[in-house]
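**Q** Starting off with a structure, shown below.
The values are calculated or read from the model by the stated rules, or taken from the named source; none is laboratory data. Here the structure is a predicted model, which means the values were calculated and not measured. Here the Cβ positions follow ideal geometry from the backbone for every residue, glycine too, while neighbour counts run over all protein chains shown. Heavy atoms of the whole protein, side chains included, go into the accessibility calculation; ligands, DNA and RNA do not. Shrake-Rupley method; radii C 1.70, N 1.55, O 1.52, S 1.80 Å.
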Amino acid sequence: MSSSITHLQYLESEAIYILRETAAQFGKPAMLFSGGKDSIVMAWLARKAFHPAHLPFPLLHIDTGHNFPEAIEYRDWFVKEVKATLVVGSVQKSIDEGRAVEEKGHNASRNKLQTVTLLDTIEQHEFDACLGGGRRDEEKARAKERFFSHRDEFGQWDPKNQRPELWNIFNGRKNFGEHFRVFPLSNWTEMDVWQYIRQENIPLPNLYFSHQRRVIERHGQFLDAETGFVQLLDEEKSRIKEMTVRFRTVGDATCTGAVLSDASTIDDVVAEVAAARQTERGTRADDRRSETAMEDRKKEGYF
Amino acid sequence: MDLLVNPTESSLLRFTTAGSVDDGKSTLIGRLLYDSKSIFEDQLLAVEESSKRRGDEHVNLALLTDGLRAEREQGITIDVAYRYFATPKRKFIIADTPGHIQYTRNMVTGASTADLAIILVDARHGVVEQTRRHTFLASLLRIEQIVLAINKMDLVEFSEARYNEILADFEQFRGSLENKVNVTVIPMSALNGDNVVDRSANMPWFTGKPLLEHLESVQVHVGESEGTARFPVQWVIRPQSDEYHDFRGFAGRVASGTFKVGDEVTAYPAGMNTRITGIHTLEGAKEEAIPSLSYSITLANEIDISRGDLITKADEPPQHSPHIDAMICWFTEKPLKPRGKFYLRHTTRTVRASVPDLLYKVNISTMERVPGPTEFGLNDIGCIRLRCASPLFFDPYNTNRTTGSFILVDEQTNNTVAAGMILRAVGDESIKSTDEFAI
Ligand SMILES: Nc1nc2c(ncn2[C@@H]2O[C@H](COP(=O)(O)OP(=O)(O)O)[C@@H](O)[C@H]2O)c(=O)[nH]1
């Protein structure tokens, strides 16, 4: 962190350090990969950490079945590009097997069900660490999250029972059946992620750049009406409009809101993020349910 | 303020904040975030709603930095929380730690990665016991820069005389600190913004920089790149491909100093000499490896090197010994007793260690040493002797924060139970032969 290196160099090196610690300290780690920009940056950093060898862990996609086709296309391209192994955990399968119950109503989302599938997949493959792209600046409950976040044998996060992290020494010791979530991008902000994408010329799914899309406006956000995953009310069907939008996060299509935007290049996006007056999670319906929604989901084992 | 930080020029500063309850720490952080436009509308909205529900008169900026539900209910912060903001000149990471007496461990945790500490005092109360504790801890952890923020100047009529009085009090005990620190004193009002971002018109007698300007310009890590070169090995890269058939890269992050291709180096614990043949990154080969950055290094000879080993320049050997004296801060309810056994994590290495002796505790209010403790309780700080199952290769903490620090991990619970700073190797003559190490 000397004055002679930039903040992006510092953050990059810190993330690489965490990635190498994860590979070294755990027997069977996996990296969560959704096709969203944070997981893309994390996987990009993993390439740097282990070059010229391949990634020493598989990429793990928890598939809600409500994907934007562009995100899946990108995922498959990326996996080939870095010669990684892909493991898919399917929410649809969890529902079919009766492990998870689909939410009902027009606000229904599979976001919460991902937790079941994630924990099942972790158990099935005996993963003992899952790398995630979570950042502390995303949400209040994340501000105290550790780089190495301990989960008990039920996958639960106890905010009161997290290990202190000192200097750059990380403690991944655990008992059988427990696992860790590891967040190499903990110290990155949304702005850092975008600046890094620009600096490194990292290709992204075009969802992140402005495009024409048929959307409906609900609770002040624009939801996709193109993939057919969002359950529309009758009165909403007449309100579908084609708008110029882009996504600030890419997750499950049912709860990821688009923003009106003309930002079609990475420079435009960086400028837009700099001027933005809303956190990116502000465009996610799942965090709006209550003030502590994120914290509650984390305790149950959410990313 | 323009948030379009130029990534090629802006550096990073990590700082921590400390103060007694109600000195205005949360207000100060809230003000820095607010005035640098790092608060978003939806966050502000959520805070406005919470403030209303709690019956606060105006928007409580302090709520912005308050994290989890239990804490919100109790109205206190109980752990380390990290905050981020940026100006066109620099990016900042704040480790926000509470000031209660019982939370020494949180301040130690936050301080371990900080370059600078802001220590708040209430201008009405001046230097209090907590101020001495926080300053002691900052100096113990070797934070390079301290800002003594004399807050609530509006409540003492922005008096220069009061400011000078507090300054004199502070100088009096500063001389007794073990590690020397650079101190900058700034009188302010966090509530009204005086000397936080903008220079205060209420204190024309103060000629120093307002807080933010100081944070943007203060130099840190000046000595790090000139220090002895240290490279703890994290991982060995061995690609299973024809193209890189014989490649064996030692992956790690430079702890201090600079390595160049061609440098004669020694790998410990083997103690074998060799030469650097390449410094590699995905972007290509580099001529030198600099502090804080991550590389993989290739060496001339086939030496058996693995995770946990230390590479140094051949003419800059580290100290080594299985017996060390160290300052520790104890982190858990279950006390440390003599003969306790642990895993000790030092850089990327883990060894088993036992504690034959508790040497003294430090009263962090008076900085007095209390010899002959029978145990260390939660938040206790002091010096212990450690005996490791194999030698540590280290530098004293006062010359190197990375190769001089360690943690102790409980063998049963796997919890991190202590933070340690190595003082020195212990000579054979002072080791009791009765202490048996059972592996
Ligand atoms: N008059 C005055 N009050 C302040 C100032 N800074 C903070 N306060 C008030 O002091 C109280 C405690 O502040 P808070 O930020 O919650 O303190 P913390 O416990 O250190 O985080 C609140 O009522 C603040 O409004 C200041 O500069 N002047």
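**Q** Beyond 21 Å, what share of the Cα-Cα pairs of the range A:44-194 remains, rounded to the nearest whole percent?
**A** 55 percent
**Q** Could you compute the FRET efficiency for A:Asn201 and B:Asn363, with r as their C-beta to C-beta distance and R0 at 41 Å, rounded to 0.05?
**A** Using R0 = 41 Å, I get an efficiency of 0.15.
**Q** Note down the nm distance, to one decimal, between modelled labels 7 Å out along Cα→Cβ at B:Trp205 and at A:Lys241.
**A** Placing both labels 7 Å beyond Cα along the Cβ direction yields 6.1 nm.
**Q** On a full-extension model of 0.36 nm per residue, what is the gain between B:Ala425 and B:Leu155, subtracting their alpha-carbon distance, rounded to one decimal in nm?
**A** Here the answer is 92.1 nm.
**Q** Mean shadow of chain A, computed from the convex hull of its alpha carbons, in nm²?
**A** That works out to 15.9 nm².
**Q** Checking the table A:Lys104/A:Lys144; B:Lys91/B:Lys209; A:Lys28/B:Lys260; B:Lys37/B:Lys91; A:Lys144/B:Lys89 against a 24 Å threshold on Cα-Cα, which pairs fail?
**A** Those over the limit are A:Lys104/A:Lys144; A:Lys28/B:Lys260; A:Lys144/B:Lys89.
**Q** Just subtract the alpha-carbon distance of B:Asn192 and B:Glu129 from 0.36 nm times their residue separation and send over the number in nm, one decimal.
**A** Fully extending the segment from B:Asn192 to B:Glu129 adds 20.0 nm.
**Q** Would you kindly give the portion of the calculated P(r) for the range A:180-226 that falls above 13 Å, as a percent of all Cα pairs?
**A** Within the range A:180-226, distances greater than 13 Å cover 73 percent of Cα pairs.
**Q** Hey, another quick one. What would the Debye formula give as log10 I(q)/I(0) at q = 0.17, 0.23 Å⁻¹ for the alpha-carbon point model of the range B:225-313, no solvent?
**A** Each listed q corresponds, in turn, to -0.63, -1.19.
**Q** On to the next question. Between the range A:11-55 and the range B:208-241, what's the alpha-carbon centroid distance in Å?
**A** Here the two parts' Cα centres lie 21 Å apart.
**Q** Between rounded, prolate and oblate, where does the range B:146-198 land on the alpha carbon gyration tensor, with a ≥ b ≥ c its root eigenvalues, rounded for a/c under 1.5, else prolate if a/b exceeds b/c?
**A** Note, shape of the range B:146-198 comes out oblate.
**Q** While we're looking at this one, here's another question. How big is the charge dipole of the range A:204-257 about its Cα centre, in debye rounded to the nearest 20, if each Lys and Arg gets +1 on its Cβ and each Asp and Glu gets -1 on its Cβ?
**A** In total the dipole reaches around 200 debye.
**Q** Considering only DSSP beta bridges where both residues belong to chain A, give the percentage that are antiparallel (nearest 5).
**A** Here the share of antiparallel DSSP bridges comes out near 60 percent.
**Q** Please say if the range B:319-437 is rounded, prolate or oblate, where rounded means a/c under 1.5 for a ≥ b ≥ c the square roots of the C-alpha gyration tensor eigenvalues, and otherwise the choice is prolate for a/b larger than b/c and oblate otherwise?
**A** Since a/c stays below 1.5, the shape of the range B:319-437 is classed as rounded.
**Q** Sticking with this structure for a sec: Please provide three numbers in whole Å: the alpha-carbon extents of the range B:280-388 along the principal axes, with the largest listed first.
**A** Over the range B:280-388, Cα extents along the principal axes are 54, 29, 28 Å.
**Q** A further question follows. Provide the FRET efficiency to the nearest 0.05 for the A:Phe154-A:Leu86 pair, computing r from the beta carbons and using R0 = 22 Å.
**A** The calculated FRET efficiency here is 0.25.
**Q** Would you mind estimating how fast the range B:81-239 diffuses translationally, via Stokes-Einstein at 37 °C and 0.692 mPa s with the Kirkwood radius over Cα pairs, in µm²/s?
**A** 190 µm²/s
**Q** Same structure again: Am I reading the A/B interface right? What is its buried accessible area, both sides, 1.4 Å probe, to the nearest 100 Å²?
**A** 7000 Å²
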